[in-house]
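Peer 1: Take this structure, written in structure tokens, and hold onto it; I'll ask about it next.
The values are calculated or read from the model by the stated rules, or taken from the named source; none is laboratory data. Because the structure is predicted, anything quoted here is derived from the model rather than measured. Counting neighbours? That spans all protein chains shown, and the Cβs are built from the backbone with ideal geometry, glycine included.
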Amino acid sequence: MSLNILSVCAEFAPLVKVGGLADVTSGLARYLHSQGYRVVTLLPRYGEKAMATEGKTLAKGSLLLAGEKIPYSFLQLPDEGTGEVILLDSPALSGADIYSAGDSEARRFLTLSLAAIPLCKALNWRPDVLHCHDWHTAMTLQALRSDPDFKNLKCVLTIHNIGYQGVFPAEVLDETPIELPGTPDDTINFLAAGIDHADAITTVSPTHAAEILTPEYGMGLELQLQQHSKLLTGILNGVDYSYWDPATDELVAANYNADNTADKFGNKQALVRNMGFDSAATPLVGMVTRLVYQKGSDLLVAALPGLFASHELNCVVLGDGDPVYMDALTELAAEYPARLKFVRAYDESLAHQIMAGADILAVPSRYEPCGLTQMYAMRYGTVPVVRKTGGLADSVRHFDPGTGQGTGVVFEDADPGGLAWGLSTALEWFADKALWNRLVNNGMSCDFSWDKQGPEYERLYRNLVT
Ligand code: ADP
């Protein structure tokens, strides 16, 4: 049975990307499309790439939001193998910034949610399943159910990052067709509203599905999630190997695969040269991340001076985000100019070059719903050093030098000592070439493809509609 899936999301790779959400929405759409489902993805036309992209105008119209008439048009993009992709172009949400701050975000994403109804009507189409991603689109279900044509629609809400919930003054819903009780302090939480109305709730790894039921990881939503725990499952994200595979990657210096890992060294040499390090013989630790508290980049800043004193290693960090962490990394790089390079940017090519050129990838997250970089690293023969949480715990197995089993270093404590232990353990193994090659090969032979993970979403959709 073929199903009709409407996916509404804030990011979609490579067009609109800030983090892993983009990789997952496009990777899943590509998989479902390849399996014969009709998948329509609706996302805003914002960010530089999408603003520069043209499409065929499918329909034009206007929405009423807070008494204001908001014009919009739907732009249909050419088929790139990910199903139908529709950009919502509207002065209410389009522009160079993907995310901004403040209550205008509510207006942007309510516009997106409300636009799902006219989109389905313009396509003359009734989806079987609505798949909403994160708080940005968690209101889409309520918007659609306000129309009698969509009363019976089934809805999956995927929580990619519970740390972002979309909390706004309740009045942002005034004069919309969406009716929800506000909280006593007169705020509305978009993600919480989505959780209350979804037919199925998923998060992006089995371990994180258990974690978010606890006060430590539930970010204030744990009791609500406990009430809906029968609807909650964890499905590990897949990897789009058409874009993240060293054998075919067009962004790296030299292609390689598990049978010719020697060519990985060419990538290290290129990266070492580009970054201005002295020698490609020194072990190289990389980190590619949004620089926010969640990702533990401050743990790296705290751990590096001790590691530099006791070990031979160089480190390259690519990241953008919170000025606190950017300043700390800038200062540390100034203190250790030969050993630490900090590239303060969002740079897709460099992200691939670090995956291919580094020996070790540090992922010291305080929490990590799934995490993709550790899975990319393994495919690129770069050994992940991860904290034991969420999807990191589900995707990386701590290596046992005795048996030769395992794919990385998994450390317990989200503190500088935990990370320092993880990195020094990896450096110790790095010194033994035979052991290291075994570890690298174990990671490279892992399969996190959508062919493995996608069927879990198919099962979920089918269970909802039958
Ligand atoms: P999250 O979605 O929480 O940011 P993930 O590990 O799931 O974390 O996904 C991160 C994605 O964003 C990866 O594709 C990674 O390569 C990319 N990324 C993060 N920071 C940068 C950056 N500064 N430059 C380029 N790509 C980045």
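Peer 1: Test V317 against the stated conditions and say whether it is within 27 Å of Y217 (Cβ to Cβ), among the β-branched types (V, I, T), crowded, with 24+ Cβ neighbours inside 10 Å and modelled with pLDDT of 95 or more. Please lay out each step first, then the result.
Peer 2: Working: within 27 Å of Y217 (Cβ to Cβ): yes; among the β-branched types (V, I, T): yes; crowded, with 24+ Cβ neighbours inside 10 Å: yes; modelled with pLDDT of 95 or more: yes.
It is true that V317 is within 27 Å of Y217 (Cβ to Cβ), among the β-branched types (V, I, T), crowded, with 24+ Cβ neighbours inside 10 Å and modelled with pLDDT of 95 or more.
Peer 1: Determine if region 72-80 includes at least one residue that is within 27 Å of C370 (Cβ to Cβ) and not charged (D, E, K, R). Steps first, answer last, please.
Peer 2: Filtering region 72-80 for residues within 27 Å of C370 (Cβ to Cβ) gives 77, 80.
Narrowing the set further to residues that are not charged (D, E, K, R) leaves 77.
Among the residues of region 72-80, at least one is within 27 Å of C370 (Cβ to Cβ) and not charged (D, E, K, R), which makes the answer yes.
Peer 1: While we're on this one: Which condition does G391 not pass, out of (1) within 30 Å of L3 (Cβ to Cβ); (2) among the small types (G, A, S); (3) in a loop (DSSP other than H, G, I, E, B), if it passes all the others?
Peer 2: Condition not satisfied by G391: (3).
Peer 1: Here's another thing I want to ask about it. Which of the residues that make up region 267-287 are assigned to a strand (DSSP E or B) and closer than 16 Å to E312 by Cα? Let's see the steps before the verdict.
Peer 2: Kept after step one, since they are assigned to a strand (DSSP E or B), are these residues of region 267-287: 284-287.
The answer is L284, V285, G286.
Peer 1: Something else now. Look through region 10-19, keep the residues that are part of a loop (DSSP other than H, G, I, E, B) and within 13 Å of the ligand (Cβ to nearest atom), and return whichever of them is surrounded by the fewest Cβ atoms within 10 Å (Cβ to Cβ).
Peer 2: For region 10-19, the residue satisfying everything is P14.
Peer 1: Just to be sure I understand the filter: pairs with C-beta atoms under 7 Å, separated by 6 or more residues or on different chains, first member in region 7-30 and on the phi < 0 side of the Ramachandran plot and among the aromatic types (F, W, Y), second member more than 10 Å from the ligand (Cβ to nearest atom) and not in a loop (DSSP other than H, G, I, E, B). Which pairs pass?
Peer 2: Cβ pairs passing all conditions: F12/T25; F12/S26; F12/T41; F12/L43; F12/V85.
Peer 1: Go through region 301-324 and report how many residues are more than 15 Å from T425 (Cα to Cα) and either hydroxyl-bearing (S, T, Y) or touching a strand residue (DSSP E or B) at 6+ places or on another chain (Cβ under 6 Å) (or both).
Peer 2: Taking region 301-324 and keeping what is more than 15 Å from T425 (Cα to Cα), we get 301-302, 305, 309, 314-324.
Now narrow it down to the ones that are either hydroxyl-bearing (S, T, Y) or touching a strand residue (DSSP E or B) at 6+ places or on another chain (Cβ under 6 Å) (or both): 314-319, 321-322.
Counting residues in region 301-324 that are more than 15 Å from T425 (Cα to Cα) and either hydroxyl-bearing (S, T, Y) or touching a strand residue (DSSP E or B) at 6+ places or on another chain (Cβ under 6 Å) (or both) gives 8.
Peer 1: Just the residues that are of a type in the set (G, A, S), outside any loop (DSSP other than H, G, I, E, B) and crowded, with 17+ Cβ neighbours inside 10 Å, please, taken from region 189-246.
Peer 2: Keep residues of region 189-246 that are of a type in the set (G, A, S), which gives 192-194, 198, 200, 205, 209-210, 218, 220, 229, 234, 238, 242.
Those still in the list that are outside any loop (DSSP other than H, G, I, E, B) too: 192-194, 200, 209-210, 229, 234.
Across region 189-246, the qualifying residues are A192, A193, G194, A200, A209, G234.
Peer 1: Listed residues A22, A115, A106; which is part of a helix (DSSP H, G or I), under 26 Å from D320 (Cβ atoms), away from the ligand (no atom under 16 Å from the Cβ) and not aromatic (F, W, Y)? First the steps, then the outcome.
Peer 2: Values: A22 fails: away from the ligand (no atom under 16 Å from the Cβ); A115 fails: under 26 Å from D320 (Cβ atoms).
After applying the criteria, what remains is A106.
Peer 1: Moving to a separate point now. For the structure I just gave you, tell me whether A258 is touching a residue at least 60 places away in the same chain (Cβ under 8 Å) and under 28 Å from K17 (Cα atoms). Don't jump to the end; show me each part of the working.
Peer 2: On the way: touching a residue at least 60 places away in the same chain (Cβ under 8 Å): yes; under 28 Å from K17 (Cα atoms): no.
Considered against the rule, which asks whether it is touching a residue at least 60 places away in the same chain (Cβ under 8 Å) and under 28 Å from K17 (Cα atoms), A258 comes out as no.
Peer 1: Given L251, L291, L300, L284, which one is in contact (Cβ under 8 Å) with a residue 40 or more places away in the chain, within 15 Å of the ligand (Cβ to nearest atom), of a type in the set (A, V, I, L, M) and buried (at least 22 other Cβ atoms within 10 Å of the Cβ)? Even if it seems obvious, please write down each step before you answer.
Peer 2: Details: L251 fails: buried (at least 22 other Cβ atoms within 10 Å of the Cβ); L291 fails: in contact (Cβ under 8 Å) with a residue 40 or more places away in the chain; L284 fails: within 15 Å of the ligand (Cβ to nearest atom).
Step by step, each of L251, L291, L300, L284 is checked, and only L300 is in contact (Cβ under 8 Å) with a residue 40 or more places away in the chain, within 15 Å of the ligand (Cβ to nearest atom), of a type in the set (A, V, I, L, M) and buried (at least 22 other Cβ atoms within 10 Å of the Cβ).
Peer 1: Another question, if that's okay. From the residues in region 220-240 that are at pLDDT 95 or above and in contact with a Lys or Arg (Cβ under 8 Å, 6 or more places away or on another chain), which one is nearest to the ligand (Cβ to nearest atom)?
Peer 2: Quick first cut of region 220-240, residues at pLDDT 95 or above only: 220-239.
Now narrow it down to the ones that are in contact with a Lys or Arg (Cβ under 8 Å, 6 or more places away or on another chain): 238-239.
Numbers: G238: 12, V239: 10 Å.
Only one residue tops the list, namely V239.
Peer 1: From the list R30, R45, which residue is more than 16 Å from the ligand (Cβ to nearest atom) and in contact with an Asp or Glu (Cβ under 7 Å, 6 or more places away or on another chain)? Even if it seems obvious, please write down each step before you answer.
Peer 2: Numbers: R30 fails: more than 16 Å from the ligand (Cβ to nearest atom).
That would be R45, the only listed residue that is more than 16 Å from the ligand (Cβ to nearest atom) and in contact with an Asp or Glu (Cβ under 7 Å, 6 or more places away or on another chain).
Peer 1: Of the residues Q76, Q142, which single one is over 22 Å from the mean Cα position of the chain (by Cα) and crowded, with 21+ Cβ neighbours inside 10 Å?
Peer 2: Working: Q76 fails: crowded, with 21+ Cβ neighbours inside 10 Å.
Every option except Q142 fails the conditions.
Peer 1: For region 303-338, give me each residue that is in a strand (DSSP E or B) and within 16 Å of the ligand (Cβ to nearest atom). Reasoning before the result, please.
Peer 2: Just the residues of region 303-338 that are in a strand (DSSP E or B), to begin with: 314-321.
Residues satisfying the conditions are C315, V316, V317, L318, G319, D320, G321.
Peer 1: I'm trying to understand the selection: among the residues of region 438-455, which are in contact with a Gly (Cβ under 9 Å, 6 or more places away or on another chain) and part of a helix (DSSP H, G or I)?
Peer 2: Step one: list which residues in region 438-455 are in contact with a Gly (Cβ under 9 Å, 6 or more places away or on another chain), which gives 438-444, 448-454.
Answer for region 438-455, where residues must be in contact with a Gly (Cβ under 9 Å, 6 or more places away or on another chain) and part of a helix (DSSP H, G or I): R438, L439, V440, N441, N442, G443, M444, W450, D451, K452, Q453, G454.
Peer 1: Turning to a different aspect of this structure: Name every residue in region 343-369 that is away from the ligand (no atom under 11 Å from the Cβ) and either closer than 18 Å to L304 by Cβ or not hydrophobic (A, V, I, L, M, F, W, C) (or both), in order of residue number.
Peer 2: Within region 343-369, the subset away from the ligand (no atom under 11 Å from the Cβ) is 356-360, 362, 364, 366.
Of everything in region 343-369, those that are away from the ligand (no atom under 11 Å from the Cβ) and either closer than 18 Å to L304 by Cβ or not hydrophobic (A, V, I, L, M, F, W, C) (or both) turn out to be G357, A358, D359, I360, A362, P364, R366.
Peer 1: Sticking with this one: Only residues that are more than 20 Å from the chain's Cα centre (by Cα) and surrounded by fewer than 14 Cβ atoms within 10 Å (Cβ to Cβ): list them for region 429-461, please.
Peer 2: Selection gives A431, D432, K433, A434, N437, S445, R459.
Peer 1: Scan region 59-78 and give yes if some residue there is under 17 Å from S113 (Cβ atoms), within 16 Å of the ligand (Cβ to nearest atom) and in contact with a strand residue (DSSP E or B) (Cβ under 9 Å, 6 or more places away or on another chain), otherwise no.
Peer 2: The answer is no; no qualifying residue exists.
Peer 1: From the list G418, G402, G422, G408, which one is within 16 Å of the ligand (Cβ to nearest atom), more than 20 Å from the chain's Cα centre (by Cα) and either of a type outside the set (A, V, I, L, M) or at pLDDT below 95 (or both)?
Peer 2: Values: G418 fails: within 16 Å of the ligand (Cβ to nearest atom); G402 fails: within 16 Å of the ligand (Cβ to nearest atom); G422 fails: within 16 Å of the ligand (Cβ to nearest atom).
Going through G418, G402, G422, G408 in turn, the sole match is G408.
Peer 1: Being surrounded by fewer than 20 Cβ atoms within 10 Å (Cβ to Cβ) and either under 25 Å from R38 (Cβ atoms) or touching a residue at least 24 places away in the same chain (Cβ under 8 Å) (or both) is true for just one of I86, I98. Which residue is that?
Peer 2: Numbers: I86 fails: surrounded by fewer than 20 Cβ atoms within 10 Å (Cβ to Cβ).
Of I86, I98, the one residue that is surrounded by fewer than 20 Cβ atoms within 10 Å (Cβ to Cβ) and either under 25 Å from R38 (Cβ atoms) or touching a residue at least 24 places away in the same chain (Cβ under 8 Å) (or both) is I98.
Peer 1: Just wondering, is there one or more residues in region 35-55 that are of a type outside the set (D, E) and without any contact (Cβ under 8 Å) to a residue 12 or more places away in the chain? I'd like the intermediate steps shown before the answer.
Peer 2: Looking only at region 35-55, we keep the residues that are of a type outside the set (D, E), and these are 35-47, 49-53, 55.
After this cut, where a residue has to be without any contact (Cβ under 8 Å) to a residue 12 or more places away in the chain as well, the list is 52.
So far as region 35-55 goes, yes, one or more of its residues are of a type outside the set (D, E) and without any contact (Cβ under 8 Å) to a residue 12 or more places away in the chain.
Peer 1: Further question: So for region 331-352 (the condition being closer than 29 Å to L15 by Cβ, touching a helix residue (DSSP H, G or I) at 6+ places or on another chain (Cβ under 8 Å), surrounded by 24 or more Cβ atoms within 10 Å (Cβ to Cβ) and aliphatic (A, V, I, L, M)), does at least one residue qualify?
Peer 2: No, region 331-352 has no match at all.
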